[in-house]
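Undergrad: Structure incoming, see below.
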């Protein structure tokens, strides 16, 4: 699946949420997420721009692979995922295969839908507030203008291409 995404750091998530509501966005849900990132035993994901994580959201755990970014302006990349019915065993299997823990990113996410664009208001532990705008399974030339239009409607200007993991690791260094 192709994920076309833009991330914007924000000082005041409440202000963006007010703009979303005034634009007629539909609230979907609020969740707490815990992302446990893993390092590959033979490949440096930081240099290949890939990622592997186990995301816990409530009682549900999903394994995600994120491929390298495909676009210089957005965070467009291949994303593959599968539910994990037995997270403890999956984590041990990955460890036995040589994958190592890198870091855990924790956040609270409030999700809205503004037309075809999914808008996530993220409060990330240790990093602050961000807005992620995303469309999936569209051609980049179709999806990117949708995200740009949504950014404009919400008064968002600055984007951040680094992942939460990259930002967190840089902050710790």
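Undergrad: Out of region 106-119, which residues are surrounded by 20 or more Cβ atoms within 10 Å (Cβ to Cβ) and closer than 23 Å to residue 70 by Cα?
TA: 117, 119, listed by residue number.
Okay, residues lined up against (1) closer than 22 Å to residue 82 by Cβ; (2) at pLDDT below 95; (3) surrounded by 12 or more Cβ atoms within 10 Å (Cβ to Cβ):
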{"residue": "3", "(1), (2), (3)": "yes, yes, yes"}
{"residue": "8", "(1), (2), (3)": "no, no, yes"}
{"residue": "46", "(1), (2), (3)": "no, yes, yes"}
{"residue": "52", "(1), (2), (3)": "yes, no, yes"}
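Undergrad: Which of (1) surrounded by fewer than 19 Cβ atoms within 10 Å (Cβ to Cβ); (2) in contact with a strand residue (DSSP E or B) (Cβ under 8 Å, 6 or more places away or on another chain) is the odd one out, the single condition residue 143 does not satisfy?
TA: Looking at each condition in turn, residue 143 falls short on (1).
Undergrad: Can you tell me which condition residue 98 does not meet? The list is (1) surrounded by fewer than 18 Cβ atoms within 10 Å (Cβ to Cβ); (2) modelled with pLDDT of 95 or more; (3) in a loop (DSSP other than H, G, I, E, B); (4) at negative phi, and all the others hold.
TA: Condition (4) is where residue 98 drops out.
Undergrad: Select, from 12, 28, 86, the only residue that is surrounded by 12 or more Cβ atoms within 10 Å (Cβ to Cβ) and either within 24 Å of residue 158 (Cα to Cα) or at pLDDT 95 or above (or both). Full working, then the answer.
TA: Working: 12 fails: surrounded by 12 or more Cβ atoms within 10 Å (Cβ to Cβ); 86 fails: surrounded by 12 or more Cβ atoms within 10 Å (Cβ to Cβ).
Going through 12, 28, 86 in turn, the sole match is 28.
Undergrad: From the list 132, 157, which residue is farther than 22 Å from residue 47 by Cα, touching a residue at least 24 places away in the same chain (Cβ under 8 Å) and either out of contact with any strand residue (DSSP E or B) (no Cβ under 7 Å at 6 or more places or on another chain) or in a loop (DSSP other than H, G, I, E, B) (or both)? Let's see the steps before the verdict.
TA: On the way: 132 fails: either out of contact with any strand residue (DSSP E or B) (no Cβ under 7 Å at 6 or more places or on another chain) or in a loop (DSSP other than H, G, I, E, B) (or both).
Only one candidate passes the filter, namely 157.
Undergrad: Additional query: Considering every residue within region 23-36, establish whether at least one is in a loop (DSSP other than H, G, I, E, B) and closer than 24 Å to residue 170 by Cα.
TA: Among the residues of region 23-36, not one is in a loop (DSSP other than H, G, I, E, B) and closer than 24 Å to residue 170 by Cα, which makes the answer no.
Undergrad: Let me ask something additional. From the residues in region 120-140 that are surrounded by fewer than 18 Cβ atoms within 10 Å (Cβ to Cβ) and modelled with pLDDT under 95, which one is nearest to the chain's Cα centre (by Cα)?
TA: So, considering only residues that are surrounded by fewer than 18 Cβ atoms within 10 Å (Cβ to Cβ) and modelled with pLDDT under 95, the one nearest to the chain's Cα centre (by Cα) is 136.
Undergrad: Assess whether residue 97 counts as being out of contact with any strand residue (DSSP E or B) (no Cβ under 6 Å at 6 or more places or on another chain), over 30 Å from residue 17 (Cα atoms) and in contact (Cβ under 8 Å) with a residue 12 or more places away in the chain. Outline the logic, then answer.
TA: Numbers: out of contact with any strand residue (DSSP E or B) (no Cβ under 6 Å at 6 or more places or on another chain): yes; over 30 Å from residue 17 (Cα atoms): yes; in contact (Cβ under 8 Å) with a residue 12 or more places away in the chain: yes.
It is true that residue 97 is out of contact with any strand residue (DSSP E or B) (no Cβ under 6 Å at 6 or more places or on another chain), over 30 Å from residue 17 (Cα atoms) and in contact (Cβ under 8 Å) with a residue 12 or more places away in the chain.
Residues checked against (1) under 15 Å from residue 165 (Cβ atoms); (2) touching a helix residue (DSSP H, G or I) at 6+ places or on another chain (Cβ under 9 Å):
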| position | (1), (2) |
| --- | --- |
| 20 | no, yes |
| 35 | yes, yes |
| 40 | yes, yes |
| 44 | yes, no |
| 74 | no, yes |
| 79 | yes, no |
| 106 | yes, no |
| 113 | no, no |
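The values are calculated or read from the model by the stated rules, or taken from the named source; none is laboratory data. Keep in mind the model is a prediction, meaning the values are calculated, not measured. Cβ coordinates were reconstructed from backbone atoms using ideal geometry, including for glycine residues, and neighbour counts include every protein chain displayed.
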